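What follows draws every value from the coordinates through simple rules; no lab data is involved. Remember, it's a predicted structure, so these values are computed and weren't measured experimentally.
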Amino acid sequence: MHPDKPLNIFYGEPDPDRWLPFDRYPRKAIRRIVRGKPKPGGVGMVALNLMRGLDKLGVKYRLNDYAYIKKHPEEIACIIGKPHIFFEQEWQNPVIFGAGIYSHPVEHPNLFNDHPNVKRFLVPGEWMREMCEPYYGDKVLAWPTGIDTDAWSPATVQGEVVHDFLVYDKVRWEHDEYQKTLIDPIKDILDKKNLSCQFITYGQYGHQDLIEKLSSSKAVIFLCEHETQGLAYQQMLSSGKPILAWDRGGYWQDPEYYPKRVKYQPVSAVPYWDERCGVKFSEADDFENKLEEFMLKLPGFRPRDYILENLTLEKCAQKYLDIYNEVEKELK
């Protein structure tokens, strides 16, 4: 692409009318007064971090400029999310769709036939790409959003280290069962080995709470059934905290799809990873041995190096530009 030619980026959260026509507008204003400025969710961070990466590369972009894009049907529309942006209006433009649009091609199995202007479907990671490939072939690509390595650095989490581990609990389904079969046994083993820990639960903490608990912990135990990218654990790695990660493998567990609509395996809880990041264990019975391995290797882990090599804002924005340029060449 020409360096002075801005990308056309589109992102927005669905906000339908609830009780009366057009009541979404006063509801939005009231929410902002009561709750303050809304915090971006996972897909919002995908868009935001792409733009931050483009800023660092000096690449210009427009955000949600619908008037411009309608006047220039030959230009590529970069639709990060959510799906209503694409499906609720007619797009003449070539489209790069994703990441974070919808979870599985069964939602739109004929996407590329019904909408030939869609040129690529982006997903956050490789196992998800493999899951979508039987439906979308080589039009589906794995593209991760970048991590803000300035905001998440060892300097961010400086403090007195008083705990061996922060246990990050992101078990989303059948939590009561996993409390008995996974979390409690892990706590018992840590107690037996005189290793201290503190807990934090996904969706129940503020940003500063996470920073404080990371600052006072040597390392992290990360518990999640699977991640398509995993921004939180990658932010911890960027902060220099190695991870002992539960990577159970097995089937994709999302109850919206599994087991009636989709059965796909294997998945991963840490889809971006190498030996510098830490150690993985598969189940509670495997934990004690892997914990011993982790403690022996603990001084030698270099998790931030992995993030700097693979997942910075600039590197991921450049990967997006590479995809954009590839599509642009095909259109000529």
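To the nearest 10 degrees, how steep is helix 313-331 against the longest Cα principal axis of the chain, on a 0 to 90 scale?
Long axis of 313-331 versus the principal axis of the chain: about 30 degrees.
Please identify, among E227, E88, E293, the residue showing maximal mean-square fluctuation in a Gaussian network model of the chain using a 10 angstrom Cα cutoff.
Per the Cα network of the chain with a 10 Å cutoff, E88 tops the list.
If I histogram all Cα-Cα distances within the range 173-239 using bins 10 Å wide from 0, what percent of pairs lands in each bin?
Taking every Cα pair in the range 173-239, the percentages come to 16, 48, 35, 1.
Angle check, please: helix 24-35 long axis (alpha carbons) against the longest principal axis of the chain (alpha carbons), in degrees 0 to 90, nearest 10.
Long axis of 24-35 versus the principal axis of the chain: about 30 degrees.
May I ask which of K56/K319; K82/K319; K56/K139; K56/K332; K119/K332; K213/K280 have a Cα-Cα span longer than 23 Å here? Please list the in-between numbers first.
Values: K56/K319 14 Å; K82/K319 21 Å; K56/K139 28 Å; K56/K332 28 Å; K119/K332 13 Å; K213/K280 21 Å.
Flagged as over cut-off: K56/K139; K56/K332.
Karplus couplings for the range 230-243 from phi (6.51 cos²θ - 1.76 cosθ + 1.60, θ = phi - 60°), rounded to Hz, Gly and Pro as x?
Result, ordered by residue: x, 4, 5, 5, 6, 5, 5, 4, 4, 7, x, 9, x, 10 Hz.
Return one quarter of the surface area of the convex hull spanned by the alpha-carbon atoms of the range 163-310, equal to its mean projected area, in nm².
Values: hull surface 35.2 nm².
With every direction weighted equally, the projected area is 8.8 nm².
Could you work out which residue, out of L182, L48, L195, moves most in a Gaussian network model of the chain, that is, has the largest mean-square fluctuation with Cα springs under 10 Å?
Checking each option, the largest mean-square fluctuation is seen for L195.
Sorted from largest down, what three extents in whole angstroms do the Cα atoms of the chain have along their principal axes?
Computed over the chain, the largest-to-smallest principal extents equal 66, 45, 45 Å.
For the range 168-258, what does the relative contact order come out to in percent, with C-alpha contacts under 8 Å and a separation of six or more?
Numbers: 69 pairs, mean separation 29.2, N = 91.
Rounded, it is 32 percent for the range 168-258.
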